[in-house]
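Notes follow once the structure below has been shown.
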Amino acid sequence: MKNTTAKQAMTYVMALGFLLLLAVYFLVYKSYNDKAEALEQANATKQQRVNELKVFYDNLPIYNAEIEQYQAQIAAWLDEFPSNVLEEDIIVLALDTENVAYVDYSNINIGSREALWTIPAATMQLAKMENLMYDVVYVERTVSYVNTTDYFNLKKVVETINKSSNRLTISNIAYSKDDEDGELTGTIEVSFYSVLGTGKEYEPQILREYESGLENLFGTTEVSVSEEPESEEGVEE
C-alpha cells in the first residue's frame, strides 16, 4: 500500500513538473521565440530598406547631376517668357507687320490679363528652385487686330507674327472679302503669354527704331508754326 502511494506521489510530481515545463515554455520560451521571430522579420524588412537606400546612396552623384539638369531646364523654360506684356509690346507687333506688308489697322482691342495656371511657391521650393520665392503664374493676354489687307499681304503678316521673338500664338483669324477690289477686312486674334513671380525684370521696347506721329500707328507727321502765331501751340498737320 505504501509502495502504491509512493508511486502515485512520484506520478503527481512528474505531472506537476511537466505542467511547470509547459508553463515555462508558453510564458517564457515561446514568448521569447515569438519576439525573436518578429525581430528577425523586422530586421529583414529593415535590411531590405537598407539595401535600397544603399543603391540610392551609391547613385547619389548621378541623381544630383540629373536634378541640376532639371533645375536648369526649368529655369531656361521660365526665362523664355517675359515678365509682363504691356500695350507697347502689342502695338510694336502691329508696327512690325506694317514694315513688311500692306496692312491698315483700324482697331486694336487689347484684352485684360488672364491667369492660366499657378505653380505654388511651396512646389518650387520642393524642386529646390530656391530663387523662386513666390507663386509662379502663367498669364495670357489676348489682342484682336482689326485690319484691311489682301491675301498676299495677309500671309506676310501671319508669317511675321509667327516669327516674333515674343511668346505668343495666333488663336483665330476671321476675314471677309470685298468682291469689287479683292481686299480682305477682318481680325487676327493673338494671345500673348508671360510669367509672373520669377523675379525677371520687364524689358521695355526700344521705340526709337519707330517713327512717331498721328497719321497712323507711329507714322509720320509734320508740324508747322506760322510767323505770327495766334497761340503758343504749334499746329500739327
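The values are calculated or read from the model by the stated rules, or taken from the named source; none is laboratory data. Since the model is a prediction, treat every value here as computed from it, not as a measurement. Positions of Cβ are generated from backbone atoms using ideal geometry, with glycine treated the same way; all protein chains shown enter the neighbour counts.
Observations on the model:
- Residue list for the range 141-175, restricted to those being assigned to a strand (DSSP E or B) and either surrounded by fewer than 19 Cβ atoms within 10 Å (Cβ to Cβ) or not assigned by TED's automatic domain parsing to the domain that holds THR118 (or both): THR142, SER144, VAL146, THR148, THR169, ILE170, SER171, ASN172, ILE173, ALA174, TYR175
- As a summary of the residue check, LYS54 satisfies the conditions (1) free of Cβ contacts under 8 Å to residues at least 60 places away in the same chain; (2) charged (D, E, K, R); (3) surrounded by 12 or more Cβ atoms within 10 Å (Cβ to Cβ) except for the one numbered (3).
- Residue within the range 189-207 that is in a helix (DSSP H, G or I), closer than 14 Å to ILE90 by Cβ and at pLDDT below 95 present: yes
- Criterion (of a type in the set (Gly, Ala, Ser) and within 18 Å of GLU189 (Cβ to Cβ)) met by exactly one of SER106, SER83: SER106
- Scanning the range 86-131 for residues that are assigned to a loop (DSSP other than H, G, I, E, B) and acidic (Asp, Glu) gives a single hit, GLU130.
- Taking the numbered list (1) more than 19 Å from VAL85 (Cβ to Cβ); (2) among the acidic types (Asp, Glu); (3) touching a Phe, Trp or Tyr at 6+ places or on another chain (Cβ under 8 Å) in turn, GLU130 passes all entries but (3).
- Test: GLY213 is exposed (fewer than 13 other Cβ atoms within 10 Å of the Cβ), of a type in the set (Gly, Ala, Ser), at pLDDT below 95 and not in a strand (DSSP E or B): no
- THR123 polar (S, T, N, Q) and over 24 Å from the mean Cα position of the chain (by Cα): no
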